[in-house]
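Colleague: Below: one structure in structure tokens.
The values are calculated or read from the model by the stated rules, or taken from the named source; none is laboratory data. Since this is a predicted model, take the numbers as computed values, not measurements. Note that we place each Cβ from the backbone using ideal geometry, even for glycine, and neighbour counts take in every protein chain shown. Ligands, DNA and RNA are stripped out before the accessible areas are found, and what is left, the full protein with its side chains, is counted by its heavy atoms. Shrake-Rupley method; radii C 1.70, N 1.55, O 1.52, S 1.80 Å.
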Number of protein chains: 2
Amino acid sequence: MADVKTEVPEHCPGTQSKDAGKASACAGCPNQTICSSGEANKIDPGIELVKERLLSVKHKILILSGKGGVGKSTITSLVSRALAADDLERNVAVLDIDICGPSQPRVLGVLGEQVHQSASGWSPVYIEDNLSLMSIGFLLGSASDAVIWRGPKKNGMIRQFLSDVDWGSLDYLILDTPPGTSDEHLSATSYLKAAGITGALVVTTPQEVALLDVRKEIDFCNKVKIPIIGIIENMSAFICPKCKNSAEIFPASTGGGRQLAKDLNIEFLGSIPLDPLLARCCDEGKNFMTEMPDSPVVAVLSPMIQRIIQKCEKTEVSSAVDD
Amino acid sequence: MADVKTEVPEHCPGTQSKDAGKASACAGCPNQTICSSGEANKIDPGIELVKERLLSVKHKILILSGKGGVGKSTITSLVSRALAADDLERNVAVLDIDICGPSQPRVLGVLGEQVHQSASGWSPVYIEDNLSLMSIGFLLGSASDAVIWRGPKKNGMIRQFLSDVDWGSLDYLILDTPPGTSDEHLSATSYLKAAGITGALVVTTPQEVALLDVRKEIDFCNKVKIPIIGIIENMSAFICPKCKNSAEIFPASTGGGRQLAKDLNIEFLGSIPLDPLLARCCDEGKNFMTEMPDSPVVAVLSPMIQRIIQKCEKTEVSSAVDD
């Protein structure tokens with residue numbers, strides 16, 4: 001693969017920049033010739049297609065966390081179901097861009113469903129009348145099949161998800177992402193550049209090892225100019241089912257999500273305790289909020305959702321993801 | 001970037017295959033010309049460099065899990081410290097190939113250390129006389145810096161880690177990986193092709209949402225022919241610090257890791273309970289086994305390590321990662 005030249009210098013001005021191929025950082029880059037010729041400056045037509053397709057989607061929210069296993073998929077399902085359950089009859093959809101580990105089909109209880117293709121694009125799978133989902137999980141032969149794809153292929157899939165799914169008119173599109181700050185995140189943010197991203201919800205657990213990765217994710221958001229709606233701390237405490245004692249599972253040795261939010265001047269949206277019944281509901285694809293309406297999780301979640309709605313509906317959609 | 005052609009068909013026979021550019025799947029692939037010309041058939045010189053460098057490394061173990069946050073980094077540190085603590089004076093090293101979320105510098109208590117370059121390559125950072133670590137965490141300006149790299153750049157970094165680090169003579173090299181089955185995993189396994197991989201330890205938590213991704217990881221191991229040493233189940237139960245009641249945090253609705261191992265005919269190495277003190281030790285970079293020798297975690301760990309040693313030292317090094 002001698003002609004693959006994607007090793008770009010660290011201070012690459014970006015292929016869309018006026019300085020592409022001309023900045024000092026470009027010296028020695030294998031793409032310099034193509035960049036300075038203006039060839040690379042042609043805007044990816046995918047960006048316009050995505051913008052066109054998402055014209056009728058009011059708010060696009062990314063669920064992010066540098067760390068895996070902090071509960072992004074759980075939070076995605078809780079937030080989406082809560083938004084869809086509201087009296088106001090919002091239309092909500094979830095797009096699962098975790099290509100290697102799609103969890104949403106299971107968590108939202110539609111494992112094994114099929115995606116249909118129509119003249120207007122792929123139809124997402126409906127969980128409720130006003131809640132739909134698209135995930136690579138629907139396209140795999142078996143749930144145990146590994147998707148062993150390198151970046152460019154994942155990039156193409158995300159583009160298709162964003163430009164080819166017939167979402168209809170939506171109030172909220174919630175994007176569940178994989179851990180890290182790599183291909184999936186770059187692809188989603190660059191394809192959503194023209195369509196605009198309302199903001200990101202950043203999920204963490206209290207321990208420092210998670211916060212370490214979450215700081216990187218926030219640095220990523222700042223670099224690509226995605227506004228952060230707020231930080232949600234998950235698995236904050238475990239209430240013993242026997243003695244009702246509340247114990248820290250992941251000790252917040254450095255102050256947890258609340259301190260992080262304070263340090264970085266980001267809104268802290270709240271702490272969600274760990275309820276084993278929530279993990280079970282996710283495994284079984286059930287709606288936790290209707291199954292366990294009295295759980296402390298639900299009590300914490302309602303004001304959180306209200307605050308998210310309030311912030312989104314007040315926020316101007318950011319189209320500032322320009323470089 | 002019009003000359004980047006990494007979108008390969010799903011049934012790509014592989015650029016090293018005799019059928020490269022000639023199989024039916026190659027029709028329409030942008031790499032067909034280069035593949036059929038035999039240009040791509042040249043073996044990546046990195047593979048030989050890695051083999052040369054790792055000649056004095058007896059066992060190479062990958063710590064894998066499709067899911068994030070199941071405790072790969074914790075298990076990596078526990079296993080490495082346990083192997084190094086043994087009376088037999090083993091030399092152990094850890095290579096952290098989680099490029100976007102390196103945790104090992106913190107977990108092993110060497111955050112902020114510097115890597116030095118000598119004539120014989122990069123010197124890893126030493127935690128003990130016989131335990132060393134290399135991680136991208138040592139190369140970042142600040143611990144909060146995001147590494148926003150697409151696949152090919154991560155690939156280059158992993159190659160350098162494998163070929164340019166002066167590990168010295170080692171009994172065990174433990175590779176901590178990020179979640180998923182993508183670039184980092186493909187790069188590590190293809191560069192280790194000639195050097196050989198002893199096997200993989202697969203980490204999971206008991207709940208189905210984790211097992212779902214772990215099945216994909218096992219499918220990946222089978223596809224790239226990495227032998228699996230065994231499955232370790234982490235966070236199996238939480239012992240209430242007040243009433244000592246043992247509660248399932250992540251209910252094993254489908255039988256957990258033990259059932260998975262049974263179904264797939266893989267050895268089950270044991271269940272590690274969740275101890276909040278372990279999370280705290282990892283946050284603080286302390287050695288849990290010397291800090292808390294009476295923890296149930298340590299009791300479970302010792303036979304597990306003995307079994308891993310037994311299996312590794314019996315196993316012929318697999319060099320079967322050929323395609």
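Colleague: Could I have the simple spin-label model distance between B:LEU277 and A:LYS244, label points 7 Å from Cα toward Cβ, reported in nm to one decimal?
Modeller: About 2.8 nm, to one decimal.
Colleague: Let me ask another. Could you name the lysines whose alpha carbon sits less than 17 Å from that of B:LYS262, not counting residues in the same chain fewer than 8 places away?
Modeller: List returned: B:LYS216.
Colleague: Quick one: which bits of region B:131-150 get at least 40 Å² less accessible when the partner protein chains are in, versus the chain alone, with a 1.4 Å probe?
Modeller: Buried by 40 Å² or more upon assembly, which counts only protein chains, are B:ALA143, B:SER144, B:ALA146, B:ILE148, B:ARG150.
Colleague: For B:LYS60, what charge total do you get from the other residues with a beta carbon under 12 Å from its beta carbon, if Lys and Arg give +1 and Asp and Glu give -1?
Modeller: On the way: positive: B:LYS51, B:ARG53, B:LYS58, B:LYS193; negative: B:ASP171.
So the environment of B:LYS60 carries a net charge of +3.
Colleague: What accessible area, in Å² to the nearest ten, does a 1.4 Å probe give for A:THR290?
Modeller: Here the accessible area works out near 100 Å².
Colleague: Still on this model: Have a look at region A:241-275 and report residues whose accessible surface goes down by 40 Å² or more when the remaining protein chains are included, against the chain on its own, probe 1.4 Å, ligands and DNA/RNA excluded.
Modeller: The answer is A:LYS242, A:CYS243, A:ASN245, A:ILE249, A:PHE250, A:PRO251, A:SER253 - residues whose exposure falls by at least 40 Å² when every protein chain is included.
Colleague: Can you say what percent of the DSSP beta bridges in the protein assembly as shown, counting only those with both residues inside, are antiparallel? Round to 5. Each step should come with its number before you reach the end.
Modeller: Numbers: 18 of 80 bridges.
About 20 percent, rounded to the nearest 5.
Colleague: Amide H of A:ILE228 versus every other amide H placed in the peptide plane: which residues, excluding those fewer than 5 positions away on the same chain, fall under 5 Å?
Modeller: The list, which skips near neighbours in sequence, is A:ALA200.
Colleague: Now for a separate question. Would you mind getting me the FRET efficiency between A:GLU89 and A:THR254? Use the beta-carbon distance for r and R0 = 41 Å, nearest 0.05. Don't jump to the answer; show the numbers that get you there.
Modeller: On the way: r = 42 Å, r/R0 = 1.03.
After rounding, the FRET efficiency stands at 0.45.
Colleague: Just the isolated ones, please: cysteines in chain A lacking another cysteine beta carbon under 4.7 angstrom.
Modeller: Result for chain A is A:CYS12, A:CYS26, A:CYS29, A:CYS35, A:CYS100, A:CYS221, A:CYS281, A:CYS282, A:CYS312, no neighbouring Cys Cβ within the cutoff.
Colleague: Of all GluC sites (Glu not before Pro) in region A:233-300, which ones are in loop regions per DSSP and have a Cβ with at most 14 other Cβ atoms within 10 Å? Write out the running numbers ahead of the final one.
Modeller: Working: sites: A:GLU233, A:GLU248, A:GLU267, A:GLU284, A:GLU291; in loops: A:GLU248, A:GLU267.
Those that pass, being in a loop and sparsely packed, are A:GLU267.
Colleague: Summarise the accessible area of chain B (1.4 Å probe, protein heavy atoms) by the percent that is carbon and sulfur. Walk me through the intermediate numbers first.
Modeller: Details: 6230 of 12710 Å².
Looking at chain B in its full context, I get 49 percent from C and S.
Colleague: Which shape class, rounded, prolate or oblate, goes with region B:105-156 when its Cα gyration tensor gives a ≥ b ≥ c as root eigenvalues, a/c under 1.5 marks rounded, and past that a/b bigger than b/c marks prolate?
Modeller: Working: a/c = 2.12, a/b = 1.37, b/c = 1.55.
Oblate is the answer for region B:105-156, as a/c is 1.5 or above yet b/c matches or exceeds a/b.
Colleague: Compare each residue of region A:49-87 in its chain alone against the assembly with all protein chains, and report those whose accessible area goes down by 10 Å² or more; 1.4 Å probe, heavy atoms.
Modeller: Checking the loss per residue gives A:LYS67, A:GLY68, A:GLY69.
Colleague: Filter A:LYS22/B:LYS67; B:LYS72/B:LYS223; B:LYS51/B:LYS223 down to the pairs with a C-alpha to C-alpha distance above 31 Å, please.
Modeller: Working: A:LYS22/B:LYS67 42 Å; B:LYS72/B:LYS223 21 Å; B:LYS51/B:LYS223 22 Å.
Over 31 Å apart, Cα to Cα: A:LYS22/B:LYS67.
Colleague: Okay, moving on. Give the longest segment of chain B that steers clear of trypsin sites (Lys or Arg not before Pro) in DSSP loops with at most 11 neighbouring Cβ atoms within 10 Å, not counting the sites themselves. Walk me through the numbers on the way to the answer.
Modeller: On the way: sites that count: B:LYS18, B:LYS42, B:LYS244.
The longest such stretch corresponds to B:43-243.
Colleague: Am I reading the B/A interface right? What is its buried accessible area, both sides, 1.4 Å probe, to the nearest 100 Å²? The partial results should precede the final answer.
Modeller: Values: alone 15930 and 15920 Å², together 25410 Å².
Protein heavy atoms only, the B-A interface buries about 6400 Å².
Colleague: What is the average number of partner chain Cβ atoms found within 10 Å of a Cβ in B:201-212? Display every interim value, and only then the final one.
Modeller: Details: counts 0, 0, 0, 0, 2, 2, 5, 10, 11, 5, 2, 11.
Mean partner shielding for this stretch: 4.
Colleague: Can you list the DSSP H helices in chain B whose Cα atoms extend at least 24 Å along the helix axis and whose mean Kyte-Doolittle hydropathy is -1.0 or higher? Walk me through the numbers before you get to the answer.
Modeller: Values: long enough: B:296-314 (28 Å, 0.49).
Passing helices, by number: B:296-314.
Colleague: Write down the percent of antiparallel bridges among all DSSP beta bridges whose residues are both part of chain A, to the nearest 5. Before the final figure, lay out each step's value.
Modeller: On the way: 9 of 40 bridges.
Percent antiparallel among DSSP bridges in chain A is about 20.
Colleague: Same structure again: Restricting to region B:167-323, what percent of DSSP beta bridges are antiparallel, rounded to 5? Present the calculation step by step, with values, prior to reporting the outcome.
Modeller: Numbers: 3 of 13 bridges.
Here the share of antiparallel DSSP bridges comes out near 25 percent.
Colleague: Rounded if a/c is under 1.5, else prolate if a/b is larger than b/c, else oblate: which is region B:49-130, with a ≥ b ≥ c the root eigenvalues of its Cα gyration tensor? If you can, show how the numbers build up before the last one.
Modeller: Details: a/c = 1.34, a/b = 1.22, b/c = 1.10.
The shape class here is rounded.
Colleague: Further question on the same structure: Rolling a 1.4 Å sphere over the protein heavy atoms, what is the accessible area per residue of region A:201-323, to the nearest Å²?
Modeller: Details: 5140 Å² over 123 residues.
Per residue, region A:201-323 has an accessible area of 42 Å².
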